[in-house]
Amino acid sequence: MNKTPKSLRLHIGIFGKTNVGKSSFLNAITKQDVSIVSDIAGTTTDIVEKSIELFPIGPVTFLDTAGINDNTELGELRKEKTLSILQRTDIAILIIDFEGLTNYEEELINYFKEFNIPYLVIINKYDIEQITSDKYNEIIEYNNNIIETSTTIDSEICSKVIEGLVKILPEEFITPKSILGDKISSGDTILLVTPIDKEAPKGRLILPEVQTIRDILDNDCISIVVQENRLKEAIENLKIKPKLVVTDSQAFKAVNEIVPETIPITSFSILFARLKGDLKSFIDGSKSIDNLQPNDKVLILESCTHHAIDDDIARVKIPKLLKQKLGFDLNFDYKTGHDFPSISGYKLIIHCGACMTNRKEVLSRILISKKKNIPITNYGIVISYCLGILDRAIKIFNCE
Ligand code: SF4
């Protein structure tokens with residue numbers, strides 16, 4: 001379980017003002033000294049992440065955030081980081097004390113609502129001072145999933161917190177989305193095209209390929225993996241035509257030419273646009289490509305950091321394809337990991353397949369982009385759009 005990728009774990013954000021007991025809680029629930037506990041407010045200056053197996057929920061990642069209620073310059077930085085954590089939080093724990101809800105907690109609750117984050121409330125420190133019934137009732141008006149604890153968080157309290165978390169588990173975590181389960185049937189053959197080029201990691205397949213193979217097997221189907229130079233031969237050798245061909249976006253053009261029209265094709269990136277984001281929003285976003293003007297600013301988001309090679313997909317291939325399609329240059333900016341900058345001024349955002357992050361983060365980015373009226377799309381969709389094969393590449397999804 002400890003090897004479960006972070007992208008597949010439930011992300012539980014721990015929020016609360018400085019020195020309210022967030023780090024003590026994290027140490028208690030993980031039974032480890034993960035966070036520094038100190039009486040000096042603001043000791044947690046950075047995000048602390050801890051992945052554990054939390055029975056009976058399963059693989060989770062706790063995100064211990066810095067309190068965002070201090071007004072120093074460092075406080076502003078902490079605030080930015082805490083807000084970026086909200087974007088990938090599946091469920092939240094809001095820790096407060098006898099002071100009840102202040103403007104600060106109400107601001108956090110508003111963020112939870114904005115990003116559709118279910119949460120529970122822990123009222124800490126009742127051994128120091130008990131919360132008044134008026135203040136308690138104010139909390140109930142927002143949320144009745146409340147647990148009270150003293151500064152000593154024992155295993156009984158931890159069990160109650162876990163029960164509280166189980167009550168707010170997102171349906172998607174209880175029944176995870178299948179990558180292809182609704183598009184394939186038991187016994188179908190799916191052909192996967194994975195070029196082993198300079199971008200391919202040594203000795204292994206990349207996560208979207210591995211997860212897709214596992215999903216095909218989970219759905220009792222047959223998975224055949226080839227490089228593009230063997231694709232024609234593989235199709236000819238099959239007695240029954242494959243239900244679908246899934247390709248790395250880099251081989252889209254060749255795959256489109258090789259695979260007969262009667263067999264649907266798509267890409268790993270498009271499968272992940274659907275799994276990690278929202279396919280329809282990304283397709284809508286691609287429609288703005290034709291409205292771009294010379295030198296417009298385009299933001300490319302990659303959910304992991306990797307060494308960019310000579311013909312990197314984001315830095316070379318996508319800019320080249322867009323230039324061929326539009327006939328002029330655009331200005332590209334790049335952000336990696338959880339970095340999501342101010343997006344004002346961008347005319348288009350292009351997201352990678354996001355295999356290394358959780359769905360919540362991509363959905364939050366889509367939400368923010370839509371609020372700012374900035375179109376957002378994804379690698380596979382841009383590539384197939386520029387190659388003129390988008391309709392074919394999404395046909396199997398009936399555009400949902
Ligand atoms: S850039 Fe995106 S799609 Fe590519 S490996 Fe990283 S997270 Fe996955």
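Every number here is computed from the coordinates shown, using simple stated rules; none is lab data. Please read all numbers here as calculations on a predicted model, not as lab measurements. Please note: Cβ atoms are built from the backbone with ideal geometry, for glycine as well, and neighbour counts cover all protein chains shown.
Among Glu49, Glu199, Glu156, sorting on how many other beta-carbon atoms sit within 10 Å of each Cβ, with the fewest leading, yields Glu156, Glu49, Glu199.
Overall, the chain carries a charge dipole of about 1620 debye about its Cα centre when +1 sits on the Cβ of Lys and Arg and -1 on the Cβ of Asp and Glu, all other atoms neutral. The antiparallel fraction among DSSP beta bridges confined to the chain stands at about 15%.
So if we plug the beta-carbon distance of Gln227 and Val316 into 1/(1 + (r/R0)^6) with R0 = 30 Å, what FRET efficiency do we get, rounded to 0.05? With a Förster radius of 30 Å, E is 0.90.
Put in line by how crowded their Cβ is, counting other Cβ atoms within 10 Å and starting with the fewest, Phe397, Phe15, Phe268 read Phe397, Phe268, Phe15.
Multiplying each eigenvalue of the alpha-carbon gyration tensor of segment 189-271 by 5 and taking the square root yields semi-axes of 18, 16, 11 Å, largest first, rounded to whole angstroms. Here the residues Leu94, Leu54, ranked from fewest to most Cβ neighbours within 10 Å of their Cβ, fall in the order Leu54, Leu94. Cα-Cα over 26 Å: which of Lys202/Lys317; Lys81/Lys370; Lys113/Lys167; Lys31/Lys276; Lys22/Lys167; Lys31/Lys113? Over 26 Å Cα-Cα: Lys31/Lys276; Lys31/Lys113. Figure legend: label point modelled 7 angstrom from the Cα of Asp218 along Cα→Cβ; residues of segment 155-177 with amide N under 18 Å from it are 170-177. The trypsin sites (Lys or Arg not before Pro) of segment 1-33 meeting both criteria, a DSSP state outside H, G, I, E and B (loop) and at most 13 other C-beta atoms within 10 angstrom of the site's C-beta, are Lys3, Lys31.
The alpha-carbon atoms of the chain, seen along their principal axes, cover 75, 49, 37 angstrom, with the largest extent given first.
In segment 235-323, the convex hull through the Cα atoms has an average projected area of 8.0 nm², a quarter of its surface area. What would the Debye equation give as log₁₀ I(q)/I(0) for segment 240-291 at q = 0.13, 0.17, 0.18 Å⁻¹, counting only Cα atoms as equal point scatterers? So the normalised log intensities are -0.39, -0.63, -0.69. Extension gain, Tyr126-Glu53: 0.36 nm per intervening residue step, less the Cα-Cα distance, totals 23.4 nm.
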